[in-house]
Amino acid sequence: MLVFVLAIVLGFTLVITLIFYFSYENDEQSHLINQAEEAAARLDGLNPDNYIDYLDHQLDTNIRYTLVDPDGSVLFDSSISDVSELENHASRPEIADALEEGEGFVRRYSTTLNEDTIYAAVRLNDGSVIRVSERRASLLSYFGGLNFPVVIGVAVLFVLVYNLSRLVTRRIMRPIDALDFADPLENEIYTEMQPLLERIDEQQNRLKEQNEQLAKAQNIRRDFSANVSHEMKTPLQVISGYSELMKNGMVNEEDMTKFAGIIYSESQTMRSLINDVLLLSKLDESIFSEDDSILPTDMFEVGMRAKSRLSSLAEERQVSVDVKGVHGFVRGNETLLEQMALNLIENAIRYNHEGGHVIYTVSLSSAEKADGTEETSGPVDTQSPSEPENDKYPEVIVSVEDDGSGIPESKRDKIFERFYRLEKSRSKETGGTGLGLAIVKHTVTSHGGTIEVSGEEGHGSTFTVRFPGATEA
Ligand code: ADP
């Protein structure tokens, strides 16, 4: 502000000074010409013999009068007593002009002196020429004379502007310093600040949201840990209770195998609980080792493998398992996808009745069917796991249908929650952890898919999973 104001003031002063100087110079010029004409008029009214006498008695000593004979020799000069020493003036431009045209005017700039001289000459009736001249300050000395007042003015201005800009800055900053960032849009401030405040508000809202999400995640984690400890407690109590009895020799021979069996099945429960918890936390952190690479995975093959791994359970429960449909490929983690199929089929067997049926089906969403290339196996590209989703490939739909107990409509969302069980006793007695469907849902969403349950209560249920499709290559 200071530099700006000073530059403007100095520039302005320069321009104004120039304007004044030149208008003053003009005035001087016409004034001198007037004086020359006046003197000429006076002299013309006199007898030429009285010219010198008249001129000698002029009192205005600032003005120099010179009388020049028509031949150019100087007859009189008010500033020089012995005119005979002066050279002939006929060639002086103002004299030459006056001799020729009646009037002449000239300004001689002096580079050394700080003065200019201006001359005005008028021809008299008898042919001689009267010249008046005046010395005046040159532009340079005119400016020189201004130096001091300008320096004083600039100093005063400096102090003034300096203090004023401080004052103004402080005034402008006061409402900004007082801004309430807790509620940015509530501040009453310059409209120029509004976009900034809006951005701050936006950012704060985003931050708030993130904090809420973080708190929620923390809560879920805390609940989860509490649940895990709680779930561990029962089998541990059973195990330590029965083993204590056995240790103290309080169990007779025939009960021994039965108690050992109880201990075994409880430890199995703990084992699967630990496995599930570990898998879930791995999913939560989404850390998988290098060899858990993303591959196009054939969901039909996955179903076949899950079926064979569950064959003994199916046999024990007298439930048939069928794998049907096409070779649909899903880009993803094969181990997790197989775990998903395993959990869904296992549930369909466990929550079924003797003689029940389970059907695992793979299908493609559109008429555009996979063209049989899945039959030939070739090298698989693992380089680009995050290749943008290609709409060209049809969705892969995996459904697991059973004719078991079914799930009431109101509970269909809940069953995917961690540790949620419809019938606690039945789940436990069949070896459930309450985490299976939570793992399934996690796997499905992390593969970009969706899962839903349908069916009629009491007449079985169908779990339908939809994945974005991929080719074998
Ligand atoms: P669990 O280890 O108890 O099976 P899940 O998360 O796999 O835990 O399932 C949660 C609950 O959903 C189960 O306790 C059960 O009540 C219900 N459920 C899951 N699958 C089926 C199914 N196919 N038929 C009926 N109920 C089911």
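The values are calculated or read from the model by the stated rules, or taken from the named source; none is laboratory data. Model, not experiment: these values are computed from the prediction. Don't worry about glycine lacking a Cβ; one is built from the backbone with ideal geometry, like all the others, and counts go over all protein chains shown.
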Practice problem: Check region 276-291 and report whether any residue there is farther than 28 Å from ASP223 by Cα and in contact (Cβ under 8 Å) with a residue 40 or more places away in the chain. | Solution: no
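What number of residues within region 72-100 are part of a helix (DSSP H, G or I) and either free of Cβ contacts under 8 Å to residues at least 12 places away in the same chain or farther than 15 Å from SER128 by Cβ (or both)?
First pass over region 72-100, keeping only residues part of a helix (DSSP H, G or I): 83-85, 93-100.
Subsequent filtering for residues that are either free of Cβ contacts under 8 Å to residues at least 12 places away in the same chain or farther than 15 Å from SER128 by Cβ (or both) retains 83-85, 93, 96, 100.
Residues flagged as part of a helix (DSSP H, G or I) and either free of Cβ contacts under 8 Å to residues at least 12 places away in the same chain or farther than 15 Å from SER128 by Cβ (or both) within region 72-100 amount to 6.
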Exercise. Go through (1) under 60 Å from the mean Cα position of the chain (by Cα); (2) among the β-branched types (Val, Ile, Thr); (3) surrounded by 14 or more Cβ atoms within 10 Å (Cβ to Cβ) and name the single condition ILE19 misses.
Key: (3)
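Taking the stated definitions as given, is SER308 surrounded by fewer than 21 Cβ atoms within 10 Å (Cβ to Cβ), away from the ligand (no atom under 16 Å from the Cβ) and over 50 Å from the mean Cα position of the chain (by Cα)? Give the derivation first.
Values: surrounded by fewer than 21 Cβ atoms within 10 Å (Cβ to Cβ): yes; away from the ligand (no atom under 16 Å from the Cβ): yes; over 50 Å from the mean Cα position of the chain (by Cα): yes.
Taking the combined requirement at face value, the residue satisfies it.
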Practice problem: Select from region 428-453 the residues that are farther than 16 Å from LEU342 by Cα and near the ligand (Cβ under 10 Å from one of its atoms) and write down the one among them that is nearest to the chain's Cα centre (by Cα). | Solution: VAL453
Practice problem: Identify the residue in region 54-71 that is in contact with an Asp or Glu (Cβ under 9 Å, 6 or more places away or on another chain) and in a loop (DSSP other than H, G, I, E, B) and, among all such residues, is surrounded by the most Cβ atoms within 10 Å (Cβ to Cβ). | Solution: ILE63
Quiz prompt | Single match in VAL161, VAL129, VAL154 (criterion: at pLDDT below 90, surrounded by 12 or more Cβ atoms within 10 Å (Cβ to Cβ), over 27 Å from PHE22 (Cα atoms) and among the aliphatic types (A, V, I, L, M)) | solution = VAL161
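Can you name the residue in region 352-367 that is touching a strand residue (DSSP E or B) at 6+ places or on another chain (Cβ under 7 Å) and more than 11 Å from the ligand (Cβ to nearest atom) and, of all such residues, is modelled with the lowest pLDDT? Even if it seems obvious, please write down each step before you answer.
Applying the first criterion (touching a strand residue (DSSP E or B) at 6+ places or on another chain (Cβ under 7 Å)) to region 352-367 yields 352, 356-365.
When the remaining residues are screened for being more than 11 Å from the ligand (Cβ to nearest atom), the result is 357, 359-365.
Details: HIS357: 96, ILE359: 97, TYR360: 97, THR361: 97, VAL362: 96, SER363: 95, LEU364: 92, SER365: 86.
My answer is SER365.
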Quiz prompt | Test for TYR65: is it aromatic (Phe, Trp, Tyr) and over 30 Å from VAL156 (Cβ atoms) | solution = yes
Quiz item: Are there any pairs, at least 6 apart or on different chains, whose C-beta atoms fall under 9 Å, with the first in region 339-350 and in contact (Cβ under 8 Å) with a residue 24 or more places away in the chain and assigned to a helix (DSSP H, G or I) and the second among the basic types (Lys, Arg) and within 9 Å of the ligand (Cβ to nearest atom), and if so, which?
Solution: ARG350/ARG426
Quiz item: Out of all the residues in region 398-421, is one or more within 13 Å of the ligand (Cβ to nearest atom), surrounded by fewer than 17 Cβ atoms within 10 Å (Cβ to Cβ) and at pLDDT below 80?
Solution: no
Self-check item: Residues within region 271-291 that are part of a loop (DSSP other than H, G, I, E, B) and either under 37 Å from the mean Cα position of the chain (by Cα) or at pLDDT 90 or above (or both), tallied
Solution: 5
Practice problem: Residues being closer than 21 Å to GLY355 by Cβ, not in a strand (DSSP E or B) and not polar (S, T, N, Q): count how many of those fall in region 395-431. | Solution: 8
Quiz item: Counting only residues that are within 13 Å of the ligand (Cβ to nearest atom) and charged (D, E, K, R), how many does region 327-351 have?
Solution: 2
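I'd like to verify a number: residues in region 14-54 that are among the aliphatic types (A, V, I, L, M) and farther than 18 Å from ILE130 by Cα, how many? Quick ask: steps written out before the conclusion?
Initial filter on region 14-54 (among the aliphatic types (A, V, I, L, M)): 14-16, 18-19, 32-33, 36, 39-41, 43, 46, 52.
In the following step, the residues that additionally are farther than 18 Å from ILE130 by Cα were identified as 14-16, 18-19.
Of the residues in region 14-54, 5 are among the aliphatic types (A, V, I, L, M) and farther than 18 Å from ILE130 by Cα.
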Quiz item: For LYS324, all conditions in the list (1) part of a strand (DSSP E or B); (2) loosely packed, with under 15 Cβ neighbours inside 10 Å; (3) within 16 Å of the ligand (Cβ to nearest atom); (4) not polar (S, T, N, Q) hold save one; what is the number of the exception?
Solution: (3)
Quiz item: Which numbered condition trips up ARG108, out of (1) of a type in the set (Lys, Arg); (2) out of contact with any helix residue (DSSP H, G or I) (no Cβ under 7 Å at 6 or more places or on another chain); (3) buried (at least 17 other Cβ atoms within 10 Å of the Cβ)?
Solution: (3)
